Amino acid sequence: MPSAIFPNLKSPTDFAEEPENLISTLRHVTRNVKRWRGGGMIQRWVGLGLLEARAGFRRIKGYRDLGQLVAALRGAGASATRAA
């Protein structure tokens, strides 16, 4: 649910499928690895999976408003600190 102040930003619940897509891509890329040999091999395969998954990521709707959101949150945090 977007806020009234920043109507273009997506709700946090709208991002639930992104990690699922990443995990699915990692499973697909590493499905044929039969024997994992050391941490370096794991890092290489996970790196490859992340590069593959990157193509499926989309830009956050309303990303141009994130700077305003950060400023508003900092202002709210500062006023809460002064009130306490």
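The values are calculated or read from the model by the stated rules, or taken from the named source; none is laboratory data. Given the structure is predicted, the values throughout are model-derived calculations rather than measurements. Here the Cβ positions follow ideal geometry from the backbone for every residue, glycine too, while neighbour counts run over all protein chains shown.
Which of (1) outside any helix (DSSP H, G or I); (2) of a type in the set (Val, Ile, Thr); (3) at pLDDT 85 or above does residue 5 not meet, given it meets every other one?
Here residue 5 meets the rest and fails (3).
Consider the range 11-70. How many of its residues are modelled with pLDDT under 85, of a type in the set (Val, Ile, Thr) and exposed (fewer than 11 other Cβ atoms within 10 Å of the Cβ)?
1
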